[in-house]
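Participant: Let me begin by handing over the structure; questions about it come next.
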Amino acid sequence: MAEELWDEIQNMDLGRADPEIFIPQSVYAEAITRNRLSLIARPLNPTVQNLHTVVSSLPRVWGLASRTHGRVLDGTFLQFLFQSEVDLLSVQRREPWVFNNWFVAFQRWEDFPDLNFLTTIDLWVQIRGIPLAYVSNATVRYIAERLGKIVEVDFNEATSTQIAFIRVRIRFGVTDSLRFFRRFSFRAGESVLIRFQYERLRRLCSICFRMTHARIHCPFLPSNRVAPAVFHRNDQVRGAEMDVLNRSNLNSQSQNSDRSFPEPMTPPPRVNAPPPNAEELAAASPYFQYSGPRNFHQVEVPIPQYESTRRMQSDIGSSVTPSSDSEVTIKIKKKFELGESSRKVDIGESSKRQRPDLSNDMDKKQKQKVQDYGGIQIPPKKR
């Protein structure tokens, strides 16, 4: 029963066969007039160009925030409405515009747009490297036509003051690949390499040289058609190769990134620790005896035997009581004087040593402190 009811609803006309309603032109005449003072914009890389951010940011860049209204038409196009023809032409004259380092294409409103509406962008190109003997308006136009349709040539043989480069405004398709070098030859047999420099161009796909996406989103990248894990690995390797090719010797540190040096494919081999050397161990610790278990192949460490040993006598006020079963060797303090070599104190000397004069040491320390910090020396207190 439910299936039959659903079939009947699908077969209903639902108003399709109703008579057409006519809307008079007076209803939308104001909208037509309003739209004719507007520009339709297309961000070329919408993955990094948020449409709502573009609508709110570009009028402030133009200096027309109070006289321009922008709105989002769909997921691809924007519309900017102007209050005067002068403001609209000033924006068009300063094209191309860039947002977030990628181009935004503009075209004036058309009541009945063609299929190729807003599929091109006009860019200023600097043509460099033309030999001086062949610089002319005809030569410049012939070279520029190899790139695209010429919109404007900023060169006049009678008034131009510099010919290091010649600016030409060329119309490109938004999906065209840009070329930066072309080799030309002349009838005299001279072959030159002409360079093209695009003004305001900041970012470009390094795989296909298009203005609509970054390298990691390039559809011509072979790794985009494999598994995600393999794509991540190939992207790192390819990124490292492109960094090596494109890195400048003068500014190599500024182009380093996390993908410049990918992690190794396999971990490096581990090197076993060398076995302990018995001779070095004995030479390093001749005065210490190892009391724990011997695991180093029964290393024999020579222990020096003194001719005379005596038990440690407890000092006055010490809480340490020497063991009666163990003999402790005397700790010998070595004193080095400036300009003199150390003198070894023999073990056989008498243990009754005279205590050094502490008052002289205090006087020396006080004098040294006065010399370091300055001031008046205070005489010691009388005892």
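Participant: Of all the residues that make up the range 108-135, how many are under 36 Å from the mean Cα position of the chain (by Cα) and either of a type in the set (S, T, N, Q) or closer than 24 Å to residue 46 by Cα (or both)? Write out each step before concluding.
Facilitator: Kept after step one, since they are under 36 Å from the mean Cα position of the chain (by Cα), are these residues of the range 108-135: 118-129.
Subsequent filtering for residues that are either of a type in the set (S, T, N, Q) or closer than 24 Å to residue 46 by Cα (or both) retains 118-124, 126.
So the answer is 8.
Participant: If we scan the range 4-11, do we find a residue that is among the acidic types (Asp, Glu) and closer than 28 Å to residue 112 by Cα? Before the answer, list the steps.
Facilitator: If we filter the range 4-11 for residues that are among the acidic types (Asp, Glu), which is where we start, we get 4, 7-8.
Now restrict to residues that are closer than 28 Å to residue 112 by Cα: none.
Looking through the range 4-11, none of the residues is among the acidic types (Asp, Glu) and closer than 28 Å to residue 112 by Cα.
Participant: List pairs: first residue in the range 190-205 and without any contact (Cβ under 8 Å) to a residue 40 or more places away in the chain, second residue loosely packed, with under 12 Cβ neighbours inside 10 Å anywhere in the structure, Cβ distance under 7 angstrom, at least six positions apart or on different chains.
Facilitator: 191/183; 191/185
Participant: Got a sec? Which of 100, 156 is closer than 24 Å to residue 46 by Cα and at pLDDT below 95?
Facilitator: Details: 156 fails: closer than 24 Å to residue 46 by Cα.
Among 100, 156, only 100 is closer than 24 Å to residue 46 by Cα and at pLDDT below 95.
Participant: I'm told residue 45 meets every condition in (1) touching a His at 6+ places or on another chain (Cβ under 7 Å); (2) on the phi > 0 side of the Ramachandran plot except one. Can you identify the failing condition by its number?
Facilitator: It fails just one condition, (2).
Participant: Kindly indicate which of 122, 111 is touching a helix residue (DSSP H, G or I) at 6+ places or on another chain (Cβ under 8 Å) and either among the charged types (D, E, K, R) or closer than 21 Å to residue 201 by Cβ (or both).
Facilitator: On the way: 122 fails: touching a helix residue (DSSP H, G or I) at 6+ places or on another chain (Cβ under 8 Å).
Of 122, 111, the one residue that is touching a helix residue (DSSP H, G or I) at 6+ places or on another chain (Cβ under 8 Å) and either among the charged types (D, E, K, R) or closer than 21 Å to residue 201 by Cβ (or both) is 111.
Participant: I'm trying to understand the selection: among the residues of the range 44-64, which are aliphatic (A, V, I, L, M) and either over 15 Å from residue 97 (Cβ atoms) or in contact with a Cys (Cβ under 6 Å, 6 or more places away or on another chain) (or both)? I'd like the intermediate steps shown before the answer.
Facilitator: Within the range 44-64, the first condition is being aliphatic (A, V, I, L, M), and the residues that meet it are 44, 48, 51, 54-55, 58, 61, 64.
Passing the criteria: only 48.
Participant: For the range 92-107: of the residues being over 33 Å from the mean Cα position of the chain (by Cα) and under 28 Å from residue 213 (Cβ atoms), which is surrounded by the fewest Cβ atoms within 10 Å (Cβ to Cβ)? Give the derivation first.
Facilitator: Let us first name the residues in the range 92-107 that are over 33 Å from the mean Cα position of the chain (by Cα), namely 92-93, 107.
Now drop any that are not under 28 Å from residue 213 (Cβ atoms), which leaves 92, 107.
On the way: 92: 13, 107: 19.
Taking the candidates together, the pick is 92.
Participant: List, please: which pairs have Cβ atoms under 9 Å, are six or more places apart or on different chains, and start with a residue in the range 32-53 that is in the same structural domain as residue 79 (by TED's automatic domain parsing) and farther than 24 Å from residue 211 by Cβ and end with one that is among the polar types (S, T, N, Q) and surrounded by 16 or more Cβ atoms within 10 Å (Cβ to Cβ)?
Facilitator: Listed pairs, sorted by first residue: 35/79.
Participant: How many residues does the range 168-191 contain that are closer than 25 Å to residue 43 by Cβ, part of a strand (DSSP E or B) and among the charged types (D, E, K, R)?
Facilitator: 2
Participant: Another one. Could you tell me whether any residue of the range 128-144 is of a type in the set (Phe, Trp, Tyr), touching a residue at least 40 places away in the same chain (Cβ under 8 Å) and outside the structural domain of residue 53 (by TED's automatic domain parsing)?
Facilitator: Filtering the range 128-144 down to residues of a type in the set (Phe, Trp, Tyr) leaves 134, 142.
Within this subset, residues satisfying the condition of being touching a residue at least 40 places away in the same chain (Cβ under 8 Å) are 134.
From what's left, outside the structural domain of residue 53 (by TED's automatic domain parsing): 134.
Looking through the range 128-144, at least one residue is of a type in the set (Phe, Trp, Tyr), touching a residue at least 40 places away in the same chain (Cβ under 8 Å) and outside the structural domain of residue 53 (by TED's automatic domain parsing).
Participant: Which condition does residue 186 not pass, out of (1) loosely packed, with under 12 Cβ neighbours inside 10 Å; (2) more than 15 Å from residue 144 (Cβ to Cβ), if it passes all the others?
Facilitator: Every listed condition holds for residue 186 apart from (1).
Participant: Given the criteria within 30 Å of residue 36 (Cβ to Cβ) and in contact with a strand residue (DSSP E or B) (Cβ under 9 Å, 6 or more places away or on another chain), does residue 126 qualify? Please lay out each step first, then the result.
Facilitator: Details: within 30 Å of residue 36 (Cβ to Cβ): no; in contact with a strand residue (DSSP E or B) (Cβ under 9 Å, 6 or more places away or on another chain): yes.
For residue 126, the condition - within 30 Å of residue 36 (Cβ to Cβ) and in contact with a strand residue (DSSP E or B) (Cβ under 9 Å, 6 or more places away or on another chain) - is not met.
Participant: I'd like to check something: does the range 121-142 contain any residue that is at pLDDT 95 or above, within 28 Å of residue 215 (Cβ to Cβ), in a strand (DSSP E or B) and among the polar types (S, T, N, Q)?
Facilitator: Yes, the conditions are met somewhere in the range 121-142.
Participant: Another one. When the residues of the range 9-41 are narrowed to those that are at pLDDT below 75 and in a helix (DSSP H, G or I), which ends up nearest to residue 51 (Cα to Cα)?
Facilitator: Here the answer is 10.
The values are calculated or read from the model by the stated rules, or taken from the named source; none is laboratory data. Values in this document were obtained by computation on a predicted structure and should not be read as measured data. Ideal geometry is used to build each Cβ from the backbone, glycine not excepted, and the neighbour counts take in all protein chains shown.
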